[in-house]
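The values are calculated or read from the model by the stated rules, or taken from the named source; none is laboratory data. Treat the numbers as computed from the prediction; the structure is a model and nothing was measured. Glycine gets a Cβ as well: all are built from the backbone with ideal geometry, and neighbour counts include every protein chain shown.
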Amino acid sequence: MPSSDDLHEWVTFDDSDGNTWQFDVTFMTSNYMCIYGRGCPGVFTELAPEYEHGCCTYGAHFVDEDDRRSVEAKIALLTPDEWELAARADEMGGVIYENDDGEWVTQSVDDACILLNRPGHKNGAGCALHQAALARGERPVDWKPDVCWQVPIRFDDSTDDNGHTTYIIREWKRRDWGEGGVEFAWWCTDDDLAFVGDRPVWKSHRDEIVEIAGEEPYRLLVDYLRSRPDGVFVPHPRVRRPHEAG
């Protein structure tokens, strides 16, 4: 097997509509899990787990108007006891604004997203939207900005000269943050800190994968993973040990 610091295994298949899907099998079968509130160092240049910011330090960027409108509707449902900084939002003229680059983003308060409840809040530190969704028995993916529930899963597409598009689902890498990726520490997939889960990503992040790709591509992925006779895949570069499909 070729030696590489970032060797990944991939699978590609077509769905019943003729769409081509490519999945990062190495990440899908890894034991990555979000460690927010469990030692996550955050995204400052230095380790800072005591702030409990996770990746909320720089707030959320919205992918399109639908994303923004959907989140605005959920914010309107938050009660003052669910959202620590609700009063500050009123003082600042709202939660979401258009920055100097023409991007729609959430406001920041004291170096973190305005929607982030800080340590000491009665619901604990964490995204007010995420907490409110769980309290109502709903999915956080239906409440949060797209980038907030997708990371560290990355959705890309590539169109060939014949106009055929391949949809790609892989791990989110530092380079995906663009120039901003150089400015903060990206611990999710660049370090072994978060590779401590007891289930593979394709199980623990089922909702996110289905929301991105749909039921059929997810089922095809699962069928493939379960069809492998030995259930052993190329281990993730951060851990370098086999992971079974389960």
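Do any strands (runs of 3 or more DSSP E) lying entirely in the range 44-162 carry at least 2 residues that are assigned by TED's automatic domain parsing to the domain that holds Glu179, and which ones are they?
Ranges flagged: 153-159.
Determine which member of the set Leu225, Leu221 is in contact with a strand residue (DSSP E or B) (Cβ under 7 Å, 6 or more places away or on another chain), over 30 Å from Asp101 (Cα atoms) and either modelled with pLDDT of 95 or more or of a type outside the set (Asp, Glu) (or both).
Leu221
Given the residues Asp6, Asp14, which is the only one that is surrounded by fewer than 17 Cβ atoms within 10 Å (Cβ to Cβ), more than 17 Å from Ala185 (Cα to Cα), assigned by TED's automatic domain parsing to the domain that holds Pro217 and modelled with pLDDT under 95?
Exactly one of Asp6, Asp14 is surrounded by fewer than 17 Cβ atoms within 10 Å (Cβ to Cβ), more than 17 Å from Ala185 (Cα to Cα), assigned by TED's automatic domain parsing to the domain that holds Pro217 and modelled with pLDDT under 95, namely Asp6.
Evaluate the range 17-31: report whether one residue or more is free of Cβ contacts under 8 Å to residues at least 24 places away in the same chain and either in contact with an Asp or Glu (Cβ under 7 Å, 6 or more places away or on another chain) or of a type in the set (A, V, I, L, M, F, W, C) (or both).
No; the residues of the range 17-31 include none that is free of Cβ contacts under 8 Å to residues at least 24 places away in the same chain and either in contact with an Asp or Glu (Cβ under 7 Å, 6 or more places away or on another chain) or of a type in the set (A, V, I, L, M, F, W, C) (or both).
Being over 14 Å from Pro145 (Cβ atoms) and surrounded by fewer than 17 Cβ atoms within 10 Å (Cβ to Cβ) is the filter here, so list the residues in the range 70-83 that pass it.
Listed by number, the residues that qualify are Ala76, Leu77, Thr79, Pro80, Asp81.
Within the range 152-171, is there a residue that is in contact with a Lys or Arg (Cβ under 8 Å, 6 or more places away or on another chain) and surrounded by fewer than 13 Cβ atoms within 10 Å (Cβ to Cβ)?
The answer is yes; a qualifying residue exists.
Residue-wise test of (1) among the basic types (Lys, Arg); (2) surrounded by 12 or more Cβ atoms within 10 Å (Cβ to Cβ).
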| site | (1), (2) |
| --- | --- |
| His61 | no, yes |
| Arg68 | yes, yes |
| Leu85 | no, yes |
| Asn99 | no, no |
| Thr106 | no, yes |
| Leu115 | no, yes |
| Pro119 | no, yes |
| Leu129 | no, yes |
